[in-house]
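The values are calculated or read from the model by the stated rules, or taken from the named source; none is laboratory data. In this text, all values refer to a predicted model and were calculated from it rather than measured experimentally. For neighbour counting, all protein chains shown are included, and Cβ atoms are generated from backbone atoms with ideal geometry for every residue, glycine included. These area figures cover heavy atoms from the full protein model, side chains too; ligands, DNA and RNA do not enter into them. Shrake-Rupley method; radii C 1.70, N 1.55, O 1.52, S 1.80 Å.
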Amino acid sequence: MSLLSSLRIGSVSVRHFLSRLRRDISGNVLILFGFAIVPMAFATGMGIDYARAAKLRTKMNALADAAALAGVTQTMMSQDDATATLTARNMFNTQASSLTGVTYDPSTLVVTITHPTGPGSRTMTVSYSALSQNSFGGILGSPTIAIGGTSTSNNVVAPNIDFYMLLDTSPSMLLPATSAGLSAMISATSGAVSGGCAFACHQTNLTYSKGVKGVTDNTELVCDSKNKNCKDFYTVAVNNGIVLRTDLLHNAVSDLTDLATSMSSSNKAKYRMGLFSFDKTFKQLWPSVVAAPNVDASLSTVKLHVTDAQVLVYCQNNYYKCGTNDNDTATSFTKAFSGILGAMPTTPGNGTNYNGDTPQAVMFLITDGMWDETRPGGRPEGPISTTQCDTIKARGIRIAVLYTEYLPDSASDGWSQTNVKAPYLSPTDKISPPLQQCASPGLYTKVTTDSDISTALAQLFQAAVATARLTN
């Protein structure tokens, strides 16, 4: 065989060997596995440690949730912030100490409390930080993974409130409650007074004949055809079945005690109430003993005394007592506000159940708004002065006003048209603006003839309760 032939055969053999080597991948798998084993181990260790950290974080988040909620429970809302903070902190730390695989320092726990809408509200935030211990710390290059979380909870409780009910019992509150009653009253008295009298405000609760001693103005009596068996205007209203505003006032305040009881049961707030009236004088109706705070927690007892608010008995026009002329000055707002100021606290509380705190205070004024008392510098009739309203509100006491509208149509006789309607009622209403100014924001409402006084008073009460937490 020639040398050239031998070289050709050798060359084919080498190419065949190299071709088989390229097709054989068994060695490549081993090499690739050798390269991959390091990142695979790293990924496995990292996955295990991060899964453990995530599980620990979930558990600790649950502890933070529970701690935050513990600070705003109904029971805890009656405790001060320091007690709530300590309760939340102890709950979290006690539970966290039982966890394994975590490094946690209790001193790093942050618990904060804010009161976004006043003392009756509480927002608690619990924030923690900890370290999850790694099993593959050498591979990861770190012995721990940092974990942390924040939980926030809040609650608002209805504040405890003392309600001071100031009821106008002056004779002008004896206006018929309906349009039909108003017409009937004017018709029934038209024989005694030119144009008729819309008010049943002159009464002695007696039946007598004209010429009775002490009665100097016989036109205040409605008599039979023989001028005998005369009746005062109040008796005329009663005999004709005319429902007066003062009758509905009793019903409305009575219903209000039931509403307050129901709301207290549902929102767990404590409500107390005192009853006061005014005409020529100021009276505390209930509690009967004048002693701070001059309210009663037994609303059912308060309800029994609502009818103690009786309209002032007047003999006749201008005569509080027969033979004694007082110019019909029977609505003294000066005495009313001075009296209620003396009955209410100088500094009401926030209405929380914290030790040492006292209820909030709200004064309800139910009136026809006509100021009628002897005073210097002008006529006795007219709109109220708001000076004493400002004094009351400056104490932190809110005022709710229910205005039983003094109607222009009620000025049916000549004197009332000249002295009341023209200057104060029509065409310009001068009675309601100062009452609105007297009331605290959102706590003014007006009812007129044919309106439901009970519903209006209930809505005003609900507004006073609903907005109470926003005042501090």
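Limited to the range 279-289, what total is found for residues that are at pLDDT 95 or above and either touching a Leu at 6+ places or on another chain (Cβ under 6 Å) or open to solvent by less than 30 Å² (accessible area, probe 1.4 Å) (or both)?
So the answer is 3.
So, in the range 346-363, exactly how many residues are open to solvent by 30 Å² or more (accessible area, probe 1.4 Å) and either of a type in the set (Phe, Trp, Tyr) or in contact with a helix residue (DSSP H, G or I) (Cβ under 8 Å, 6 or more places away or on another chain) (or both)?
Total meeting the criteria: 2.
Please go through (1) closer than 29 Å to residue 119 by Cα; (2) crowded, with 17+ Cβ neighbours inside 10 Å for residue 372 and return the number of the only condition it doesn't satisfy.
Every condition holds for residue 372 apart from (1).
On the basis of being aliphatic (A, V, I, L, M), modelled with pLDDT under 95, in a loop (DSSP other than H, G, I, E, B) and under 19 Å from the mean Cα position of the chain (by Cα), does residue 292 make the cut?
Working: aliphatic (A, V, I, L, M): yes; modelled with pLDDT under 95: yes; in a loop (DSSP other than H, G, I, E, B): yes; under 19 Å from the mean Cα position of the chain (by Cα): no.
Against the criterion (aliphatic (A, V, I, L, M), modelled with pLDDT under 95, in a loop (DSSP other than H, G, I, E, B) and under 19 Å from the mean Cα position of the chain (by Cα)), residue 292 does not qualify.
I need a count of the residues in the range 271-289 that are of a type in the set (Gly, Ala, Ser), in a loop (DSSP other than H, G, I, E, B) and in contact (Cβ under 8 Å) with a residue 60 or more places away in the chain. Step through it out loud before you land on a result.
Restricting attention to the range 271-289, the residues satisfying the condition of being of a type in the set (Gly, Ala, Ser) are 274, 277, 288.
Imposing the further condition that a residue be in a loop (DSSP other than H, G, I, E, B) reduces the set to 288.
With the extra rule that they be in contact (Cβ under 8 Å) with a residue 60 or more places away in the chain, the set shrinks to none.
Result for the range 271-289: 0.
Which residues, taken from the range 440-460, are open to solvent by less than 80 Å² (accessible area, probe 1.4 Å), within 19 Å of the chain's Cα centre (by Cα) and at negative phi? Quick ask: steps written out before the conclusion?
Taking the range 440-460 first, the residues open to solvent by less than 80 Å² (accessible area, probe 1.4 Å) are 440, 442-445, 447-449, 451, 453-458, 460.
Narrowing further to those that are within 19 Å of the chain's Cα centre (by Cα): 440, 442-445, 454-458, 460.
Those that are open to solvent by less than 80 Å² (accessible area, probe 1.4 Å), within 19 Å of the chain's Cα centre (by Cα) and at negative phi: 440, 443, 444, 445, 454, 455, 456, 457, 458, 460.
What residue, of 168, 80, 105, is farther than 30 Å from residue 236 by Cα, charged (D, E, K, R) and at pLDDT 90 or above? Reasoning before the result, please.
Details: 168 fails: farther than 30 Å from residue 236 by Cα; 80 fails: at pLDDT 90 or above.
105 is the lone residue from the list that is farther than 30 Å from residue 236 by Cα, charged (D, E, K, R) and at pLDDT 90 or above.
Restricting attention to the range 295-320, which residues are open to solvent by 40 Å² or more (accessible area, probe 1.4 Å), touching a residue at least 40 places away in the same chain (Cβ under 8 Å) and not in a loop (DSSP other than H, G, I, E, B)?
Across the range 295-320, the qualifying residues are 300, 303, 307, 319, 320.
Name the residues in the range 393-439 that are buried (at least 21 other Cβ atoms within 10 Å of the Cβ) and basic (Lys, Arg), would you?
398
Can you pull out every residue in the range 79-110 that is open to solvent by less than 40 Å² (accessible area, probe 1.4 Å) and within 30 Å of residue 396 (Cβ to Cβ)?
84, 85
Pairs only if they're at least six apart or on different chains, beta carbon under 6 angstrom, first in the range 109-132 and of a type in the set (D, E, K, R), second open to solvent by less than 20 Å² (accessible area, probe 1.4 Å); list them, first residue then second.
Going by the 6 Å Cβ cut-off, the qualifying pairs are 122/72.
Residues in the range 247-270 that are open to solvent by 10 Å² or more (accessible area, probe 1.4 Å) and in contact (Cβ under 8 Å) with a residue 40 or more places away in the chain: how many?
Counting residues in the range 247-270 that are open to solvent by 10 Å² or more (accessible area, probe 1.4 Å) and in contact (Cβ under 8 Å) with a residue 40 or more places away in the chain gives 12.
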